[in-house]
Amino acid sequence: MAMRRILMTSLLLAGWSATAEAAPAQDALLPASVIFATSTGYWEDDGNAPDVERAPTGAESVANPEEEEGTQRHGYYKLFAVRQPDRTSKVYLQQIAQTEAGPAIASTIELQEFTDLKPYVTDIRPENSNGIIKQPGLFATVYLKTDPAAEPNGWTVLIDEFGDITVEKATN
């Protein structure tokens, strides 16, 4: 048993050091500037509805342009914070489409309400941890500070069944 444990430990350490050397920092799957993220909620449409979009300059659509118009689409939302050089954060909302080839980004928007606050984001949490829900919409809480020395406040991001987005300070 002791010999087996030594062998397993040696293999683990050898593999770990080889992996650490083989994975250069620039090949990171998720950029270091993404500090919090959650996937939650559910959306669907008949393929004719526009992707989530609030401001023409802030939306970036990367869905498959070869998709047939009128094809039923569905997926979930991703809400994430990106740290800026001044340590404040920007918060983005993505629509992730479930496709036959796997998840694909349908749209990305910056939530300007957060950018205007110049927040220090401390956490992002979904309404529950049961995974993707089957009712259309999203409810998540972004915890942030506007002063680095202050206590964090909760702000809710709500998307109703019609796709309308509301960002407001949480009420308890």
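Just so you know, all these numbers are worked out from the coordinates, no wet-lab data involved. Owing to the predicted nature of the structure, the values given are computational and were not obtained by experimental measurement. Glycine also receives a Cβ, built like all others from the backbone with ideal geometry; neighbour counts cover every protein chain displayed.
Taking label positions 7 Å along the Cα-Cβ direction at both T99 and Q72, the computed distance is 1.9 nm, reported to one decimal. Take the Cα of K118, go 7 Å toward its beta carbon, and the backbone nitrogen atoms of segment 136-167 under 12 Å from that spot belong to 146-148.
Between N130 and D160, what FRET efficiency comes out of the Förster formula 1/(1 + (r/R0)^6) with R0 = 22 Å and r the beta carbon distance, rounded to 0.05? Calculated transfer efficiency: 0.65. Extension gain, A170 to F139: 0.36 nm times the residue separation minus the Cα-Cα distance gives 10.0 nm.
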